[in-house]
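Written below as structure tokens is the structure these notes are about.
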Amino acid sequence: MTSSLLTPRRRSRVGATGGAAATGSTAPTRILDWRDPLVAPLLDGLDATGDTGPVRRIETLRLAHRRITEAVRPVYSVQDERPVSEVLRRGRGSCSQRLAVLEAVARATGTATRVRGLLVDGTFWYPRFPRLRRIVPDRVLLAWPEFRLDEAPSTSWLAVSELFGSLGELSDGGAAGFTNSGSETLFEALSRTAVDWDGATTLCPTGGAGCDLSAYVVADLGRFDSRDELFARHGQTLCPVARVLAEPVMGRHRAA
């Protein structure tokens, strides 16, 4: 049983849509504050002025993903709007916050980003909190990044799900799907297995957990030029009071 008691009120989410033609941007935002000096170490050696073709952009993002995995410890922070610079200062962050760091690096190196807003059923997180199911939010708002690989905005967007290969390639690699349990988080799982929110893959692993997670998607809210815009329109997963109460504990609790 999930709970709706801790989620924002007066927010219309189901059936809502964002800007389907969101063009994204490389500009810094309040969350994606990539001009902050704390972001600079992640940019070291990432050439933002040389080859900016799709292959080079993907290589840069993959390297950034590895660096973030090493630099930012996974925790259960509930402050989705925390600026990237603050996440790096703390050295720990949730999946959402670590994805924001990846977006910030992308923008800093000249790759435009946008996000897709997904409402995910809270039962998806049951394996993480087997004894706390009654207080798991009934719906979790997920900002799923997309990266523009060239200057043709309508055809060149790459979802973070396919950063390390197409969904078909990743699902056919022999790796088990994402279980949402243990020490691995969604952020790490991206590099080894398919994370399919649309039911597009046909070669999911036959044993263990699957990579088709579409059954957990309650609503697709559309695409937004930034996660700032998504959260401004739809709020964060938890209401302000719940975030204030939960963050001191969850923000330090290692994802496991």
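The values are calculated or read from the model by the stated rules, or taken from the named source; none is laboratory data. It should be emphasised that the depicted structure is a prediction, and the values quoted were computed from it without experimental measurement. Glycine also receives a Cβ, built like all others from the backbone with ideal geometry; neighbour counts cover every protein chain displayed. Just the protein is used for accessible areas: all its heavy atoms, side chains included, with ligands, DNA and RNA removed. Shrake-Rupley method; radii C 1.70, N 1.55, O 1.52, S 1.80 Å.
Being in contact (Cβ under 8 Å) with a residue 60 or more places away in the chain and either hydroxyl-bearing (Ser, Thr, Tyr) or open to solvent by 30 Å² or more (accessible area, probe 1.4 Å) (or both) holds for only one residue in ARG116, ARG67, ARG62, and it is ARG62. What number of residues within segment 171-185 are among the hydrophobic types (A, V, I, L, M, F, W, C) and either in contact with a strand residue (DSSP E or B) (Cβ under 9 Å, 6 or more places away or on another chain) or at positive phi (or both)? Going through segment 171-185 one residue at a time, the tally reaches 0.
Given the structure, is VAL39 at pLDDT below 95, open to solvent by less than 20 Å² (accessible area, probe 1.4 Å) and of a type in the set (Val, Ile, Thr)? Working first, answer last.
Working: at pLDDT below 95: no; open to solvent by less than 20 Å² (accessible area, probe 1.4 Å): yes; of a type in the set (Val, Ile, Thr): yes.
No.
For segment 1-28, filtering for residues that are in a loop (DSSP other than H, G, I, E, B), at pLDDT 90 or above and farther than 16 Å from HIS234 by Cβ leaves 5.
Only residues that are open to solvent by 40 Å² or more (accessible area, probe 1.4 Å) and either within 19 Å of the chain's Cα centre (by Cα) or at pLDDT 85 or above (or both) were counted in segment 170-181, giving 2. Of all residues in segment 84-111, which are part of a loop (DSSP other than H, G, I, E, B) and surrounded by 21 or more Cβ atoms within 10 Å (Cβ to Cβ)? Once the filter is applied, which keeps residues that are part of a loop (DSSP other than H, G, I, E, B) and surrounded by 21 or more Cβ atoms within 10 Å (Cβ to Cβ), segment 84-111 yields SER94, THR109, THR111.
For segment 112-134, name all the residues that are more than 15 Å from ASP225 (Cα to Cα) and part of a strand (DSSP E or B). If you could, list the steps in order and put the result at the bottom.
Taking segment 112-134 first, the residues more than 15 Å from ASP225 (Cα to Cα) are 119-134.
Matches in segment 112-134: LEU119, VAL120, ASP121.
Counting just the residues of segment 187-212 that are more than 13 Å from LEU163 (Cα to Cα) and modelled with pLDDT of 90 or more, which one comes out surrounded by the fewest Cβ atoms within 10 Å (Cβ to Cβ)? Residue satisfying both the conditions and the ranking: ASP198. Scanning segment 117-124 finds one or more residues that are of a type outside the set (Gly, Ala, Ser), modelled with pLDDT of 90 or more, under 15 Å from the mean Cα position of the chain (by Cα) and within 23 Å of ALA64 (Cβ to Cβ).
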